[in-house]
Amino acid sequence: MNTLTDKVAIITGASSGIGRAAARLFAAEGAAVVVTSRRVKALASLVQEIRDADGEAIAIAGDIGNDEHVMALTEAALDHYGRLDIAFNNAGTLGTPGAVTELSTENWEHVLQTNLTGAFLCARHQLPVMVKQGSGSLIFTASFVGYTVGFPGMAAYAASKAGLIGLVQSLAAEYGSRRIRVNALLPGGTDTPMGEVFANTPEAIRFVEGLHALKRRAQPVEIAQSALYLASDASSFTTGSAMLVDGGVSINRM
């Protein structure tokens, strides 16, 4: 039996990078997946890829910063599959990096709306379903940025991800007695389209790799495998954690 047999999972930010890798992995491990992002064609190709591999998937395109979309996403899981066991709330944005004095209010609000308010909206709609079922696992993609490392020019991103860890801890304490686990996943540098914002030349890639104790970036599937652990019964006593999967960037000083 696969790790997630008979489970149903929502995965946000699924059109590329970590979210896409997680959707493929969760489906391969037996879960029916409900995937979302704003990129319709990329989602369609993902669903087809999963179905071609005999997996089960549907896609609902939209913005997780929009309450109506998040509600529709949860309802789609119930309408198509009758339950919701896992939510990997992975969608996020870097925004436009820059010094605080040059950061527009619009950019600040956009980053927090996507990374933090979007996570809150997801939890608000997903938790009642899991409470009714009597179990569930919520996973949120945070970051080592704003947790163990500060980077110049990333105030909005760092603030949103630090706030997300606080949200995770509160939800874990609030819903643990109802058999719902809530954890944050903190990836290091990963070879994704978002990662290319800072590592888009050979020199920049080498610099980013050198920040890590492992002297390389992660592949998206490596982060997805840690999300699978948090989604599965293997992590049955893990909740409220800020789980570093960062290749040692948080401890590396050489």
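Laid out as a table, the results:
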read-out: Failed condition for ILE205, given (1) more than 20 Å from ASN90 (Cα to Cα); (2) in contact with a strand residue (DSSP E or B) (Cβ under 9 Å, 6 or more places away or on another chain); (3) part of a helix (DSSP H, G or I); value: (2)
read-out: Residue pairs meeting the criteria (Cβ under 7 Å; at least 6 apart or on separate chains; first in contact (Cβ under 8 Å) with a residue 12 or more places away in the chain, in region 79-96; second buried (at least 24 other Cβ atoms within 10 Å of the Cβ) and in a loop (DSSP other than H, G, I, E, B)); value: ILE86/ALA31; ASN90/GLY13; ALA91/GLY13; ALA91/SER37; ALA91/ILE64; GLY92/GLY13
read-out: Residues of region 84-128 that turn out to be over 20 Å from VAL8 (Cβ atoms), of a type in the set (Gly, Ala, Ser) and touching a helix residue (DSSP H, G or I) at 6+ places or on another chain (Cβ under 7 Å), as a count; value: 2
read-out: When residues of region 181-215 are limited to those that are within 18 Å of ALA14 (Cα to Cα) and acidic (Asp, Glu), the one farthest from the chain's Cα centre (by Cα); value: GLU196
read-out: So THR238, is it at pLDDT 95 or above and either acidic (Asp, Glu) or part of a loop (DSSP other than H, G, I, E, B) (or both); value: yes
read-out: Filter pass, SER160 being out of contact with any His (no Cβ under 9 Å at 6 or more places or on another chain), part of a helix (DSSP H, G or I), polar (S, T, N, Q) and surrounded by fewer than 15 Cβ atoms within 10 Å (Cβ to Cβ); value: no
read-out: Matching residues in region 168-217 - criterion: being in contact (Cβ under 8 Å) with a residue 12 or more places away in the chain, at negative phi and of a type in the set (Lys, Arg); value: ARG178, ARG181, ARG216, ARG217
read-out: In region 228-243, the residues that are touching a helix residue (DSSP H, G or I) at 6+ places or on another chain (Cβ under 6 Å), surrounded by 18 or more Cβ atoms within 10 Å (Cβ to Cβ) and under 16 Å from ILE165 (Cβ atoms); value: THR239, ALA242
read-out: Residue match in region 97-105 (condition: at pLDDT below 95, among the aliphatic types (A, V, I, L, M), surrounded by 14 or more Cβ atoms within 10 Å (Cβ to Cβ) and farther than 27 Å from LEU25 by Cβ); value: yes
read-out: Single residue of region 129-159 satisfying the filter (under 17 Å from THR12 (Cα atoms) and touching a residue at least 60 places away in the same chain (Cβ under 8 Å)) that is farthest from the chain's Cα centre (by Cα); value: SER137
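Conditions tested, residue by residue: (1) closer than 20 Å to ALA31 by Cβ; (2) modelled with pLDDT of 95 or more.
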| residue | (1), (2) |
| --- | --- |
| VAL149 | no, no |
| LEU164 | no, yes |
| ARG179 | yes, yes |
| PRO187 | no, yes |
| VAL197 | no, no |
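Yes/no matrix, rows are residues, columns are (1) surrounded by 24 or more Cβ atoms within 10 Å (Cβ to Cβ); (2) touching a Gly at 6+ places or on another chain (Cβ under 6 Å):
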residue: THR5; (1), (2): no, yes
residue: GLY13; (1), (2): yes, yes
residue: GLU56; (1), (2): no, no
residue: ASP67; (1), (2): no, no
residue: LEU84; (1), (2): yes, no
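The values are calculated or read from the model by the stated rules, or taken from the named source; none is laboratory data. Since the structure is predicted, the reported quantities are computational estimates derived from the model, not experimental observations. All Cβ positions, glycine included, derive from the backbone under ideal geometry; neighbour counts span all protein chains shown.
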